[in-house]
Amino acid sequence: MVSPYAFDIPGGVQFHVRDLAERLLSQGHDVRVLAPADEDIDLPSYVDSAGRAVPVPYNGSVARLLFGPVTAARVARWIDRGEFDVLHVHEPFSPSVSMLAMMAADGAVVGTFHSSTMRSRALLTIMPVLGPQLEKLSGRIAVSPEALRTIHRHEGTADAVIIPNGVYVDRFASAPLAPHWQGTAQRPTIAFLGRLEEPRKGLAVLLEAMPALLHAMPGLRLLVAGPGDPRDLMRHTPATVQAATEFLGMVSEPDKASLLRSVDAYVAPNTGSESFGIILVEAMSAGVPVVASDLPSFADVLGGTAGALFRTADAESLAQAVLGVVRDPRLRTALSSSGAIRAREFDWDRVSADVMDVYETCRAARPYAVRTISAGRAKRALRGRS
């Protein structure tokens, strides 16, 4: 598998690649992952570093990507050494090692498309060159209907099977409760997880809604977890909101699960460019009611009954939705129950089996080791001489 994004930086695609790799390894498959990463950090034993990535603005965020002729040569050597049955490239549209691997490879190549983007001028510019390379994909996976729509925007009629991101549901469902994060009737707790300085994660919208929430529930506590400096966000925030907001910084995976298990509601105020919403599935797995912006991708994940939606980027609508959930024990119980059932559809047991079906189909169509195009030509030339 190839990840386009730096493996030493947390992110949804990186977590997906990590979890899928470890699930397949646990089933007895041989798996190698190529990803950008600093050479001096500890990586899982199955991960090979493609070199240090460079921060690049991408899809409403800042992604750490790696491109160029030196990297292309490194990727080609990795492919030829591996003699893989299947090469699985994640985010082939991203200008990074996944695109380079797809362009170099010949054989059973699977592409997973994670992102949701409007029509990109950059992509439209390079599609005449990139299009023929994308045609080499033996199989396409989209993690959501929104990701599939992104494929259609840029590739026209190209199709893909929808296989969602996976979650180890039981890890969240069985996480221990944390008393310091649990709410009470007088002091309920709500949580936000995400990069603080990334506007599309929507923390500013949630903070804008906090005065109305505190007016209705003076004891409310907002727990914020994720990387970033909160000072700019809080500079013009009322003192009452500052006092009610607790910044936890980066939390470990076990602590994230405990946080989600412990609060009264999880709030996802994201404003756009979300193709899936893995945090929603994690929250549902933990049994916490979800209150989310009505992005199409979030509505798809929640399935109509597993969460409460509010108008995207509308602080007043957000406040009303949170109040409706936190104040109504019966609604919280109903959302938690529906969410726990819905989360099972995203468990890695099911998701990894669906991915393996794609691998086997592509392998049957191209039953030879994946190699670079140049290596394939060299082998054919040697056979012609013998």
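Here is a yes/no grid of residues against (1) under 23 Å from Ser285 (Cα atoms); (2) in a strand (DSSP E or B); (3) among the aliphatic types (A, V, I, L, M):
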position	(1), (2), (3)
His152	no, no, no
Ala178	yes, no, yes
Trp181	yes, no, no
Arg187	no, no, no
Phe192	yes, yes, no
Leu196	no, no, yes
Glu208	no, no, no
With respect to the numbered conditions (1) farther than 16 Å from Ser285 by Cβ; (2) touching a residue at least 24 places away in the same chain (Cβ under 8 Å), which one is the sole condition not fulfilled by Phe346? (1)
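Looking at Pro4, Pro44, can you tell me which residue is assigned to a loop (DSSP other than H, G, I, E, B), modelled with pLDDT of 85 or more and closer than 29 Å to Ser273 by Cα? Steps first, answer last, please.
Numbers: Pro44 fails: closer than 29 Å to Ser273 by Cα.
The match here is Pro4.
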Number of the condition not met by Val251 [criteria: (1) crowded, with 21+ Cβ neighbours inside 10 Å; (2) outside any helix (DSSP H, G or I); (3) out of contact with any Ser or Thr (no Cβ under 8 Å at 6 or more places or on another chain)]: (1)
Do we find a residue being within 28 Å of His114 (Cβ to Cβ), out of contact with any strand residue (DSSP E or B) (no Cβ under 7 Å at 6 or more places or on another chain) and small (Gly, Ala, Ser) anywhere in the stretch 177-193? no
Which ones in the stretch 20-34 are charged (D, E, K, R) and over 19 Å from Arg81 (Cα atoms)? Glu22, Arg23
Reported set for the stretch 101-127 where residues are at pLDDT 90 or above, open to solvent by less than 20 Å² (accessible area, probe 1.4 Å) and part of a helix (DSSP H, G or I) is Ala101, Met102
When restricted to Ala37, Ala63, Ala21, the only residue modelled with pLDDT of 85 or more, open to solvent by less than 60 Å² (accessible area, probe 1.4 Å), assigned by TED's automatic domain parsing to the domain that holds Ala101 and not in a loop (DSSP other than H, G, I, E, B) is Ala21
Counted residues, the stretch 206-238 - those being modelled with pLDDT under 95 and hydrophobic (A, V, I, L, M, F, W, C): 2
In the stretch 201-212, how many are under 20 Å from Ser297 (Cα atoms) and open to solvent by less than 20 Å² (accessible area, probe 1.4 Å)? 4
Please specify each residue of the stretch 218-229 satisfying the condition of being on the phi < 0 side of the Ramachandran plot, assigned to a loop (DSSP other than H, G, I, E, B) and surrounded by 21 or more Cβ atoms within 10 Å (Cβ to Cβ). Leu220
For the stretch 286-350, which fully contained helices (runs of 4 or more DSSP H) count at least 1 residues that are surrounded by 18 or more Cβ atoms within 10 Å (Cβ to Cβ) and touching a Phe, Trp or Tyr at 6+ places or on another chain (Cβ under 6 Å)? 296-302, 315-326
Can you name the condition, by its number, that His215 falls short on among (1) open to solvent by 20 Å² or more (accessible area, probe 1.4 Å); (2) touching a Gly at 6+ places or on another chain (Cβ under 7 Å)? (2)
Among residues belonging to the stretch 165-200 that are open to solvent by less than 20 Å² (accessible area, probe 1.4 Å) and β-branched (Val, Ile, Thr), point out the one that is nearest to Leu220 (Cα to Cα). Thr189
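The values are calculated or read from the model by the stated rules, or taken from the named source; none is laboratory data. Quantities reported herein were computed from a predicted structural model and do not represent experimental measurements. All Cβ positions, even for glycine, are placed from backbone atoms using ideal geometry, and neighbour counts span all protein chains on display. Each accessible area value is taken on the protein alone, full model and side chains, heavy atoms only, with ligands, DNA and RNA left out. Shrake-Rupley method; radii C 1.70, N 1.55, O 1.52, S 1.80 Å.
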